[in-house]
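K.L.:
Pasting in a structure now, in structure tokens, and then I'll have a few things to ask.
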Amino acid sequence: MIKLDGEDTGEIEYMEASMMSYDDSVNLVIKGQDIELERISTIMTTIDLSCNHFEGVIPKTLKDLSSLWLLNLSHNNLIGHIPMELGKLNKLEALDLSWNRLTGKIPQELTRLTF
């Protein structure tokens, strides 16, 4: 989900053979087990971490997930401000931060997103 080569054309081809793009990979640790997901589709990549009782602030490093299409962090116990770095997620089309304890204003950087 992190674009390492710096190249992002923003072009998506629809229903062609090259559409099934699996360019990204990620390492997960689930219940102490290291799991490598080697083929993650960059088309409509989503992360739903809702209802997980997460506490603390929203990590600014989420900005590095450049192919992220949907991010759901709702129904947790997140505090603090919404990081302005989320505005760098230029493919983001859905963001749900509801039912947390966030404070402050919505960052100006998020208002520039087109979703």
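K.L.:
Whole-Hz Karplus ³J(HN,Hα) for region 77-87, in order, using 6.51 cos²θ - 1.76 cosθ + 1.60 and θ = phi - 60°, x for Gly and Pro?
P.N.:
10, 6, 10, x, 8, 6, x, 5, 4, 4, x
K.L.:
Applying 1/(1 + (r/R0)^6) with R0 = 25 Å to the Cβ-Cβ distance of His75 and Leu28, what FRET efficiency is obtained, to the nearest 0.05?
P.N.:
Approximately 0.75, to the nearest 0.05.
K.L.:
Could you list which residues have their amide H under 5 Å from that of Leu78, counting only those 5 or more apart in sequence or on another chain, with H placed in the peptide plane?
P.N.:
Result for Leu78 returns Arg101.
K.L.:
All other residues with a Cβ under 15 Å from the Cβ of Ile47 taken together, and with Lys, Arg as +1 and Asp, Glu as -1, what is their net charge?
P.N.:
Neighbour charge sum, excluding Ile47 itself: -3.
K.L.:
Here's something else I'd like to know. Just order 66-72, 76-82 by mean Cβ neighbour count inside 10 Å, highest at the front, would you?
P.N.:
Averaged packing, sorted descending, gives the order 66-72, 76-82.
K.L.:
Which entries in Lys31/Lys88; Lys63/Lys91; Lys31/Lys63 show an alpha-carbon gap greater than 20 Å? Mind dumping the intermediate values first?
P.N.:
Numbers: Lys31/Lys88 31 Å; Lys63/Lys91 11 Å; Lys31/Lys63 25 Å.
Among Lys31/Lys88; Lys63/Lys91; Lys31/Lys63, the Cα-Cα distance tops 20 Å for Lys31/Lys88; Lys31/Lys63.
Each value in this text was obtained by applying a stated rule to the coordinates, not by laboratory testing. Because the structure is a prediction, the values reported are computed rather than measured. Methodologically, a virtual Cβ is constructed for each residue, glycine included, from the backbone with ideal geometry; neighbour enumeration extends over all protein chains shown.
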